[in-house]
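**Q** Starting off with a structure, shown below.
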Amino acid sequence: MTIFADRVQSRWDGRVSGRQQLYVLLRLVLLACWGGAGGLFLYGQSPATLPPTQPWEAHWISHPTASLLDYGVFLFRKKIALSAVPDSFPVHVSADSRYRLWVNGARVAEGPAKGDLRNWRYETLDLSPYLDSGQNLLAAEVWNFGPERPVAQISAKTAFLMQGGDSLTQMVNTGPAWKVWQNQAYSPIPLSEARLRAYLVVGAGEKVAGNAYPWNWQDADFSDAAWPEARRLSRAFPKGTGTGTPWMLVPRTIPFMKRETIRWDKVRETDFSSLSDTFLQGVAPLVLPPDTTVTAILDHGHLTTAYPILWVSGGQDARIQLTYAESLSSPGEGAPHLRKGHRDEIEGKAMFGYRDEFYPDGGKNRRFSPLWYRTYRYVEIQLSTGSDSLWVHDLLAEESHYPFEEKASFHSKGKKFQDIWEVGWRTARLCAHETYVDCPYYEQLQYVGDTRIQALISLYVSGDDRLMRKAILDFDLSRSAEGLVQSRYPSSVEQYIPPYALFWISMVHDYWMHRPDSAFVQQCLPGMRAVLSWYRGYMGESGMLERHPWWNFVDWAWPWDPEQSVGGVPPLAEGRSSILSLQLAYVLGQATELEAALGDADRSRDYGAWQTQLSQFTFHHCWDIPKGYMADNPTKNSVSQHANVLAILTDAIPPFQQADLMEKILADTSMTPCTFYYQFYLHRALVKTGLGDRYIDRLKPWRDMLDMGLTTFAEKPEPTRSDCHAWSASPNYELLATIAGITPAKPGFKEVRIAPHLGKLKEVKAHMPHPQGTIRVELYRRGKKGISGYVELPQGVTGEFSYRGYRKTLKAGRQRVFF
């Protein structure tokens, strides 16, 4: 946990005008709210004095005697003197693993953005609004959880770096002139996977002993006379230069995470009457007399990712514990997961979750907050006092996630569309931080399968493509010598899911279709070829993909096998699976298009022929003629929706048969069903076969989750592990792309196709961001089959409106459609 004085101050001298003062103050307020860069983060711009081909003057520094590999929290300080405040004061900052930076007691930044050692991020900041003429204090808190760190956190060893961006700011360069102190107040609380019955890899909880904490260490008047000089480790090098350092530096490319103050909704259960909703509203402090123990369950009202904050005084020898959970649960003997039931209900349930512990030292106005965000709807707070009374002045939180802005909307009457939209968008936001994450509570790992769907939601709802580009590059940089991209990245533990390597190619294709950025896509083509080359090595004499290594996860429709430590793998016969073969064929179709447009025409023809042959051989071996569907493997002893969805998407069966097969997919209960994740692909087949009007009926599982009290969408049907999984937020994409029918007609979204599927709806109003502006759709049903309304396209954009055989050419601006 960290404790800091959060004083955001306006700092300027008499040389600036009133308008400039207002501008600087606005920048400070924006940064204090952590709603993004706030104008102080320069997005990695490097001044001319720091050419990318030259080593930096600054050195990575650390503690002179402490272990650089074990768990530890370290504090760095340096004083600088300025005769006057400059107009700008650029610096570059980074750390391993994480840092928080203060200037003159004001919190400035937090980072670095997650990457790997070959691509270690640094932030470029302008510190001038925080500086004074005379003495100034720079202070940084750096931590490394060592063996207890999250799997998503890569690390070499504990270190800190600051480099001045021009000749004036070289005075900040890290070296022995910086002082350092190991904060012994911190110790880890290891996670318990056994207690939660789940894979849990988000890093340890934190135990903070207030009597060992160097209070007010960020203040200029704090005495650091006893602090040793920092140990110089190695020179700092931009990527592509130098030797002898594990960190290859590259600039940050995404904004800072959003920070917004929030409060708990209500107290659900307590044994202490003074711990009330009034206290949670910040109206009245909570006072606990000596020798008192209090327990309460707090309900935020919906799931969130946030940094809880406690302000306390007194309480020498007291203990405060916060335990975090998505839902209260019952153990459920023999169940694979804790049983959650209705998420609003707490009766007869218990708190199972990870926790933080604080031990106040008896001082005044102590502030406790974790070093990393917590995920929760419910928090159990336990307070125990010793011989001293404890004053809890306030308990609140700072919500934190990627600063996506909601720029799209969807409206229609009934069917809980607005609730689905709201809950889906919350799910997507909470699963987006410095990377996309599969689930914010259990893993916080960026997986390809999840990320493809998350990225499309980001494009459609916010229009912000920066995190998508970073994700595509993250995976590309994770590539093994064999050619596969890792299934999740950044990750300190390697994992390979070959179908996810394929869907990384789908991500590249998605970006190409939605953004006019051919140069970016072209740089991904060598990686795409490497993945497909790996797959080529496992083509068998049968013409199908045959036995190949690693975890061939498709969907949670198939249960976890504890002996093999895998799950979600479809049934194989002699190493062959129609699903795995057709997933390859599906992506080969996308690779064919990418090569034809941006790469090698011969390679495009090769991929196209490979796709055709693979689809035909899979049909030959796996099509069940009497039953009229694609079996899961050549023995034809099982059948799934997945195999038949892919048979449609790859044209493994003739187009004239596809609508009938789609009807069978929807009606045949003997097929293994797609869970929430793979329904995304089922719905692509639904649209392809002209049955998009049936999508509305497919929303029942999401309505059921709302009826279960879920405030985000779960990983899979009950019983589920994660209550928040971004692949289940796909309705936010579908409402716009399927019901409103907005999709790109040509790469780069240069042309738009509006092909709505209203089903039984009488009206739909939607808008979404486009690289050139905003697309708006307003449609009304006319009788049983007719439609009328308006479409508006941004300037310079054309397209086509298509509805039940009616087609209309669209131009820029607002225009009527009528059928």
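**Q** Just for the Cα atoms in region 752-819, what are the lengths along the principal axes, largest first, rounded to whole Å?
**A** Rounded to whole Å, the extents work out to 35, 19, 15 Å.
**Q** Over the Cα atoms of the chain, how large are the radius of gyration and the largest Cα-Cα distance (Dmax), in Å?
**A** Radius of gyration, then largest Cα-Cα span, for the chain: 28.0, 88 Å.
**Q** Another question, if that's okay. With a cut-off of at most 16 other beta carbons within 10 Å, and DSSP calling the residue loop, which trypsin sites (Lys or Arg not before Pro) in region 252-312 qualify? Please list them.
**A** Sparse-neighbourhood loop trypsin sites (Lys or Arg not before Pro): 263.
**Q** Evaluate E = 1/(1 + (r/R0)^6) for residue 547 and residue 209, where r is the Cβ-Cβ distance and R0 equals 60 Å; express this FRET efficiency to the nearest 0.05.
**A** Rounded to the nearest 0.05, the efficiency is 0.65.
**Q** Would you please classify the overall shape of region 320-416 from the alpha carbon gyration tensor, given that a ≥ b ≥ c denote the square roots of the eigenvalues, rounded means a/c under 1.5, and beyond that prolate means a/b larger than b/c while oblate covers the rest?
**A** Taking the square roots of the gyration eigenvalues as a ≥ b ≥ c, region 320-416 is oblate.
**Q** Turning to a different aspect of this structure: Can you work out the FRET efficiency for the pair residue 784 and residue 405, with r the C-beta to C-beta distance and R0 = 56 Å, to the nearest 0.05?
**A** 0.90
**Q** Please compute the modelled spin-label separation between residue 815 and residue 750, points set 7 Å along Cα→Cβ, answer in nm with one decimal.
**A** The two pseudo-label positions are separated by 1.8 nm.
**Q** Say a paramagnetic label sat at a point 7 Å from the Cα of residue 79, along Cα to Cβ; which residues of region 89-113 have their backbone N under 18 Å from it?
**A** What the label zone holds, given the 18 Å backbone N cut-off, is 102-106.
**Q** Across every pair of different alpha-carbon atoms, what Kirkwood hydrodynamic radius in Å does region 87-233 reach?
**A** It is 17.0 Å.
**Q** Under the classification rounded if a/c is under 1.5, otherwise prolate if a/b is larger than b/c and oblate if not, where does region 375-518 fall, given a ≥ b ≥ c as square roots of the Cα gyration tensor eigenvalues?
**A** In terms of gyration-tensor shape, oblate.
**Q** Whose amide H sits under 5 Å from the amide H of residue 433, counting only residues 5 or more places off or on another chain, with H placed in the peptide plane?
**A** 402
**Q** Could you tell me which trypsin sites (Lys or Arg not before Pro) in region 726-772 are loop residues by DSSP with no more than 16 other beta carbons within 10 angstrom of their beta carbon?
**A** For trypsin sites (Lys or Arg not before Pro) across region 726-772 that sit outside H, G, I, E and B with at most 16 neighbouring Cβ atoms in 10 Å, the list reads 750, 760, 762.
**Q** Another question, if that's okay. Can you run phi through the Karplus equation (6.51, -1.76, 1.60; θ = phi - 60°) for region 811-819 and list ³J(HN,Hα) in whole Hz, with x for Gly and Pro?
**A** Values per residue, Gly and Pro as x: 10, 5, x, 8, 8, 8, 10, 7, 8 Hz.
**Q** Within the chain, which DSSP H helices have Cα atoms that stretch 24 Å or more along the helix axis and a mean Kyte-Doolittle hydropathy of at least -0.5?
**A** 498-514, 578-598
**Q** Next question. Relative contact order of region 362-459: what whole-number percent is it, with Cα pairs under 8 angstrom and at least 6 residues apart?
**A** 21
**Q** Distance from a point 7 Å along Cα→Cβ of residue 638 to each backbone N in region 673-712: keep the residues under 14 Å and list them by number.
**A** Label zone hits: 673-675.
**Q** Please compute the Kirkwood hydrodynamic radius over region 160-218, one decimal place, Å, based on all pairs of different Cα atoms.
**A** For region 160-218, inverting the mean 1/r across all distinct Cα pairs yields 15.3 Å.
**Q** First measure r as the distance between the Cβ atoms of residue 762 and residue 422, then evaluate 1/(1 + (r/R0)^6) with R0 = 22 Å and state the FRET efficiency to the nearest 0.05.
**A** 0.55
**Q** Here's a follow-up. Taking θ = phi - 60°, what integer Hz values does the Karplus form 6.51 cos²θ - 1.76 cosθ + 1.60 yield along region 560-574, in sequence order, with x for Gly and Pro?
**A** Per residue, the Karplus-derived 3J(HN,Hα) values read 6, 9, x, 6, 8, 6, 9, x, x, 9, x, x, 9, 9, 6 Hz.
**Q** When a/c reaches 1.5 or more, the comparison of a/b and b/c decides; with that in mind, is region 592-697 rounded, prolate or oblate per its Cα gyration tensor?
**A** It comes out oblate by the Cα gyration axes.
**Q** Per residue, how much space in cubic angstrom lies within the convex hull of the C-alpha atoms of region 237-376?
**A** 219
Here, each number is a calculation from the coordinates, and none is a lab measurement. It should be emphasised that the depicted structure is a prediction, and the values quoted were computed from it without experimental measurement. Heads up, the Cβs are rebuilt from the backbone with ideal geometry, glycines too, and the neighbour counts pull from every protein chain shown.
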